[in-house]
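As structure tokens, the structure follows; a few thoughts come after it.
The values are calculated or read from the model by the stated rules, or taken from the named source; none is laboratory data. In this text, all values refer to a predicted model and were calculated from it rather than measured experimentally. Using ideal geometry, Cβ is built from the backbone for each residue, glycine included, and neighbour counts are taken over all protein chains shown. Keep in mind that these areas ignore ligands, DNA and RNA; they rest on the heavy atoms of the full protein, side chains included. Shrake-Rupley method; radii C 1.70, N 1.55, O 1.52, S 1.80 Å.
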Amino acid sequence: MAIERTFSMIKPDATKRNLTGAITKMLEDAGLRVVASKRVWMSKREAEGFYAVHKERPFFGELVEGMTSGPTVVQVLEGEGAILKNREIMGATNPAQAAEGTIRKTFALSIGENSVHGSDAPETAAQEIKYWFSDTEIVG
Ligand code: IDP
């Protein structure tokens, strides 16, 4: 399998509970390498832009409110099959449906406060990395 890069976020519900290290360790233990990382407090405009694909969904307001309620750690992860691997270790969107041992099963509070984000395909990974990082901020 090819070496890929994917985009990951540790969301405010998790940073507020001081889970940045615990979640990053789960990603690293799964074989992913953090090649870029920064802590940001998203503006409403940044959150709306990042999640623009969901703007017609009923939960959009709640999503933007949650993402602007505290700090987020944005990361680029690198590894073999990183996009799928990250989705697997994250677990299902709804923590009630997430598999044992996944980040969301372990830490998420609800479907809205589900602790992490991860790109779902190569195209979105490229777009999302570019949304938050310049090339020089990524050190492989
Ligand atoms: P994903 O994060 O697993 O890729 P998406 O369907 O892309 O899931 O949804 C993006 C984010 O929107 C979710 O992670 C979650 O925080 C939020 N979200 C999705 N569905 C709901 C919902 O029904 N209520 C509240 N928030 C939701």
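Taking amide H as placed 1.01 Å from N in the peptide plane, the amide H of residue 116 sits under 5 Å from that of 11, each at least 5 places away or on another chain.
Diffusion coefficient (Stokes-Einstein, Kirkwood radius over C-alpha pairs, 20 °C, 1.002 mPa s) for the chain: 143 µm²/s, rounded to a whole number. The residues of the range 3-85 present an accessible area of 51 Å² per residue when probed at 1.4 Å with all protein chains retained.
Here the simple spin-label model places points 7 Å from the Cα toward Cβ, and for residue 29 and residue 78 these points are separated by 2.4 nm. Check cross-link reach from residue 16 to the aspartates and glutamates: straight Cα distance under 14 Å, and skip same-chain residues fewer than eight apart. Within the straight-line limit of under 14 Å, residue 16 reaches these aspartates and glutamates: 113. Length gained on full extension, residue 135 to residue 2, computed as 0.36 nm times the residue gap minus the Cα-Cα distance: 45.9 nm. Between residue 60 and residue 99, the modelled label-to-label distance comes to 3.3 nm, taking each label 7 Å out from Cα in the direction of the beta carbon. Stokes-Einstein, applied to the Kirkwood radius of the range 1-78 over Cα pairs at a viscosity of 1.306 mPa s and 10 °C, places its translational diffusion at 118 µm² s⁻¹.
The loop-placed trypsin sites (Lys or Arg not before Pro) in the range 1-56, going by DSSP, that have at most 16 neighbouring Cβ atoms within 10 Å of their Cβ come out as 16, 17, 55.
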